[in-house]
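Trainee: Once you've had a glance at the structure underneath, I'll fire off some questions.
The values are calculated or read from the model by the stated rules, or taken from the named source; none is laboratory data. Remember, it's a predicted structure, so these values are computed and weren't measured experimentally. For neighbour counting, all protein chains shown are included, and Cβ atoms are generated from backbone atoms with ideal geometry for every residue, glycine included.
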Amino acid sequence: MSTQQPLVSVIIPVYNGEKHLAECLDSVRHQSYRKLEIIVINDGSTDNTESILRDFAQQDRRIIVTHQTNGGVSSARNAGLEVASGCWVMFVDADDKMCDPHLVQTVVLAGEGDADLICFETSSDEDCSTYDMDSDTTTEQPSDIVERAREYSIDGNALAEMIAGETLNALWDKAYRRDTITERLCRFRLGTRMGEDLMFNLSYARVGTKVLSLPMVGYFYRRSNTESATSRYLPGKYDDLMEVCDYIHRWAHQFDVEQVRGAADYIRAKNVVSCIRDLHHHDCELSYQQRLAVAQRYKSLVPSVRVVGVGPKRRLLGEFYNRLGYRSVFQLTRVLARSR
């Protein structure tokens with residue numbers, strides 16, 4: 001590692017996060033790399049969050065707390081970006097944690113090259129959650145991890161695979177150069193309830209972006225939170241997801257990446273099926289006939305897709321989707337919902 005240690009900004013938005021906030025903050029504070037600014041945006045919490053943040057800020061001067069009226073996670077992250085001054089920016093959700101004490105140190109070491117984006121692995125395994133932050137016996141040294149890292153430059157095919165494989169959907173498994181965020185005017189889109197992370201990543205990870213993928217599990221996420229949007233019926237989910245797909249298409253057209261348009265169509269079909277499946281959740285109060293009518297609307301708005309450049313298996317799924325009518329999709333997802 002170079003003698004001039006770069007500052008790393010860790011942005012943590014929180015809304016009513018009293019249950020896991022202390023554990024989250026401790027996981028960042030106890031990183032072996034010390035030159036951090038830990039930016040916490042309290043997004044109008046009404047529980048004990050503010051008191052917890054006050055106590056932590058008194059214990060650790062690296063913790064910077066900003067309070068704002070509740071505006072949603074995108075607004076909170078944007079507020080964090082306005083404050084951030086580090087060379088690298090990382091995002092952590094307040095109910096998750098960094099589960100390897102050398103994560104930031106490894107990111108900084110990897111960042112001494114010319115990578116624009118550094119990725120690492122995540123886990124929802126409780127064994128990762130209970131990792132002993134004070135133990136050094138089970139972790140691989142950062143230099144060894146960086147030595148085994150995979151480096152590549154994003155092209156159209158790689159970007160299409162990242163979109164279709166949904167590896168651009170999350171923020172918390174990546175580290176971003178702040179200068180690149182500034183140069184590319186990357187911000188989170190306000191008013192978007194789903195897919196805001198993907199849109200941010202698309203604005204950042206353009207063709208030509210250099211990526212370094214670290215073979216380390218550095219982050220623990222709580223599966224119950226990530227599945228919340230797929231375990232219940234959300235009436236506005238369909239329109240939100242179609243807006244995201246439209247954004248991907250516009251992005252692909254702007255940068256003339258045909259493969260990405262195919263990936264967007266694949267995701268569009270997948271999202272239609274997901275929204276029809278949600279009609280079978282127990283909290284959906286629509287009658288059977290109303291559910292069927294909604295399924296018809298969803299499928300009629302996206303009767304077919306053009307899946308290209310994303311591999312034969314996904315292309316086959318796209319062709320299968322094109323042949324199915326709304327009743328077939330409705331009945332198929334009904335069976336799938338019952339088997340979960």
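Trainee: Please go through the range 278-297 and pick out each residue that is assigned to a helix (DSSP H, G or I) and either surrounded by 21 or more Cβ atoms within 10 Å (Cβ to Cβ) or of a type in the set (A, V, I, L, M, F, W, C) (or both).
Mentor: Pass one, the range 278-297, residues assigned to a helix (DSSP H, G or I): 278, 288-297.
Within the range 278-297, D278, L292, A293, V294, A295 meet the criteria.
Trainee: Does any residue of the range 320-334 turn out to be of a type outside the set (S, T, Y), within 27 Å of Y247 (Cα to Cα), within 27 Å of the chain's Cα centre (by Cα) and in a loop (DSSP other than H, G, I, E, B)? It would help to see each step written out before you state the result.
Mentor: Applying the first criterion (of a type outside the set (S, T, Y)) to the range 320-334 yields 320, 322-325, 327, 329-332, 334.
From what is left, the residues that are within 27 Å of Y247 (Cα to Cα) are 320, 322-325, 329-330.
With the extra rule that they be within 27 Å of the chain's Cα centre (by Cα), the set shrinks to none.
No; the residues of the range 320-334 include none that is of a type outside the set (S, T, Y), within 27 Å of Y247 (Cα to Cα), within 27 Å of the chain's Cα centre (by Cα) and in a loop (DSSP other than H, G, I, E, B).
Trainee: Still on this model: Can you find a residue that is aromatic (F, W, Y), buried (at least 19 other Cβ atoms within 10 Å of the Cβ) and in contact (Cβ under 8 Å) with a residue 60 or more places away in the chain anywhere in the range 239-261?
Mentor: No: the range 239-261 contains no residue that is aromatic (F, W, Y), buried (at least 19 other Cβ atoms within 10 Å of the Cβ) and in contact (Cβ under 8 Å) with a residue 60 or more places away in the chain.
Trainee: Here are some residues: R261, R306. Which one is over 30 Å from D95 (Cβ atoms) and part of a helix (DSSP H, G or I)? Spell out the reasoning first.
Mentor: Working: R306 fails: part of a helix (DSSP H, G or I).
Step by step, each of R261, R306 is checked, and only R261 is over 30 Å from D95 (Cβ atoms) and part of a helix (DSSP H, G or I).
Trainee: Somewhere in the range 50-62, is a residue of a type in the set (S, T, Y) and either surrounded by 14 or more Cβ atoms within 10 Å (Cβ to Cβ) or in contact with a helix residue (DSSP H, G or I) (Cβ under 9 Å, 6 or more places away or on another chain) (or both)?
Mentor: Taking the range 50-62 as the starting set, the residues that turn out to be of a type in the set (S, T, Y) are 51.
Adding the requirement that they be either surrounded by 14 or more Cβ atoms within 10 Å (Cβ to Cβ) or in contact with a helix residue (DSSP H, G or I) (Cβ under 9 Å, 6 or more places away or on another chain) (or both) leaves none.
No, there is no match, as no residue in the range 50-62 is of a type in the set (S, T, Y) and either surrounded by 14 or more Cβ atoms within 10 Å (Cβ to Cβ) or in contact with a helix residue (DSSP H, G or I) (Cβ under 9 Å, 6 or more places away or on another chain) (or both).
Trainee: Moving on. Show me the helices (runs of 4 or more DSSP H) found entirely inside the range 1-102 where at least 2 residues are touching a residue at least 60 places away in the same chain (Cβ under 8 Å) and hydrophobic (A, V, I, L, M, F, W, C).
Mentor: Working: elements: 21-29, 49-59, 73-83.
Output list reads 21-29, 73-83.
Trainee: Let me ask another. Could you run through the range 189-209 and say how many residues are more than 12 Å from the chain's Cα centre (by Cα), at pLDDT 90 or above and either among the hydrophobic types (A, V, I, L, M, F, W, C) or surrounded by 16 or more Cβ atoms within 10 Å (Cβ to Cβ) (or both)?
Mentor: Kept after step one, since they are more than 12 Å from the chain's Cα centre (by Cα), are these residues of the range 189-209: 189-193, 203-209.
Subset that is at pLDDT 90 or above: 189-190, 203-205, 208-209.
Cutting the leftovers down to either among the hydrophobic types (A, V, I, L, M, F, W, C) or surrounded by 16 or more Cβ atoms within 10 Å (Cβ to Cβ) (or both) gives us 190, 203-205, 209.
Residues meeting the conditions: 5.
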